[in-house]
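Let me begin by presenting the structure, written as structure tokens, before commenting on it.
The values are calculated or read from the model by the stated rules, or taken from the named source; none is laboratory data. Predicted model only: the values in this text are computed from it and were never measured. As a convention, Cβ positions derive from the backbone with ideal geometry for all residues, glycine included, and neighbour counts pool all protein chains shown.
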Amino acid sequence: MLKDKVALVTGASRGIGRSISLVLARQGARIVAVDLDPEGLEKVADEIREAGSDAVVVKGNVTVSEDAERMVEEAVKAFGRIDILINNAGITRDSLLVRMKDEDWDAVLNVNLKGAFLCTRSVTKVMSKQRSGTIINIASVVGQMGNIGQANYCASKAGVIGLTKSNARELARRNITVNAVAPGFIATDMTEAMPEKVRQELAAQIPLNRLGSADDVANAVLFLASDQAAYITGQVIGVNGGMYM
Ligand code: NAP
């Protein structure tokens, strides 16, 4: 499905980013895996090679524009092109609004929103020359519906949806599509950090009555990354078990 395509995935060393990397690799994509954690990256790269594809790893921070430039340079050096960008790196720093520290606001907006902007700006130069490419931003259901204790995170993810639509309009003339996947509550380290009681209460609000898996998200990303989705741009695909309709 993705034979000969090159995909750059941020936050690739664990959770949803790792699943996306493996699902795309199993369909033939060569992966440029970016993360802060070099050990995790090497493990994912080994798994990608075991799946029969090729990978290069780049230790980089999506909030640093030099790193965003460097990851694109490394990708082009290794594989000659970039067809798919997955802006997946993300963090949470939850607390109620009145207790939210300036640093927690800035950190979350920096990684989740500015990081997606920097990586997109950098990759777009390559995709524009190719006159083809697809960019998939990982948003969140709470960017669509809000959540108590997550003002910074919800604002960043709503921002990612605005960024998606703006970039989709701007880049369409270059034959670049831009979409977002908005996961609901997915079983990863991020949700593992929540108290069990909160996780159970959350599951009870989900019509399909379970947390999603990282592969549930990766499969939606795979569709958007494929040629089958060539006429889809500026859209937000919910992968949320019916939590938000
Ligand atoms: P995760 O398990 O915490 O993994 C996040 C990954 O991003 C980690 O590998 C982390 O690196 C990396 N990362 C963090 N800051 C970075 C930076 N500045 N530069 C480069 N890499 C960075 O999270 P996840 O649950 O897989 O979430 C992935 C994405 O899905 C995020 O955008 C998240 O907001 C979104 N999402 C998750 C859920 C959910 O329920 N889990 C729901 C909706 C949306 P380290 O390993 O070095 O920390």
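Before we move on, is V76 closer than 27 Å to R173 by Cα, in contact (Cβ under 8 Å) with a residue 24 or more places away in the chain, more than 17 Å from the chain's Cα centre (by Cα) and part of a helix (DSSP H, G or I)? Quick ask: steps written out before the conclusion?
Details: closer than 27 Å to R173 by Cα: yes; in contact (Cβ under 8 Å) with a residue 24 or more places away in the chain: yes; more than 17 Å from the chain's Cα centre (by Cα): yes; part of a helix (DSSP H, G or I): yes.
Here the answer is yes, as V76 does meet what is asked.
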Working only within segment 94-123, note down all residues that are over 13 Å from Q150 (Cβ atoms), out of contact with any strand residue (DSSP E or B) (no Cβ under 8 Å at 6 or more places or on another chain) and small (G, A, S). A107, S122
Between residues in segment 184-204 that are closer than 18 Å to S95 by Cα and at pLDDT below 85 and residues that are of a type outside the set (K, R) and outside any helix (DSSP H, G or I), which pairs lie under 7 Å by C-beta distance while being six or more apart or on different chains? M190/T92; T191/F185; T191/L211; L202/F185
Among (1) within 19 Å of the chain's Cα centre (by Cα); (2) farther than 22 Å from R173 by Cβ; (3) assigned to a helix (DSSP H, G or I), T92 falls short only on (3)
With the requirement that a residue be crowded, with 24+ Cβ neighbours inside 10 Å and within 15 Å of the ligand (Cβ to nearest atom), what does segment 25-43 give you? I31, V32, A33, V34, D35, L41
For segment 118-145, which residues satisfy the criterion of being part of a helix (DSSP H, G or I) and surrounded by fewer than 20 Cβ atoms within 10 Å (Cβ to Cβ)? R121, K125, S128, K129, Q130, Q144, M145
Tell me, which residue of segment 148-207 that is of a type in the set (S, T, Y) and outside any helix (DSSP H, G or I) is surrounded by the fewest Cβ atoms within 10 Å (Cβ to Cβ)? T188
Just checking, how many residues over segment 48-60 are surrounded by 17 or more Cβ atoms within 10 Å (Cβ to Cβ) and either part of a helix (DSSP H, G or I) or among the hydrophobic types (A, V, I, L, M, F, W, C) (or both)? 6
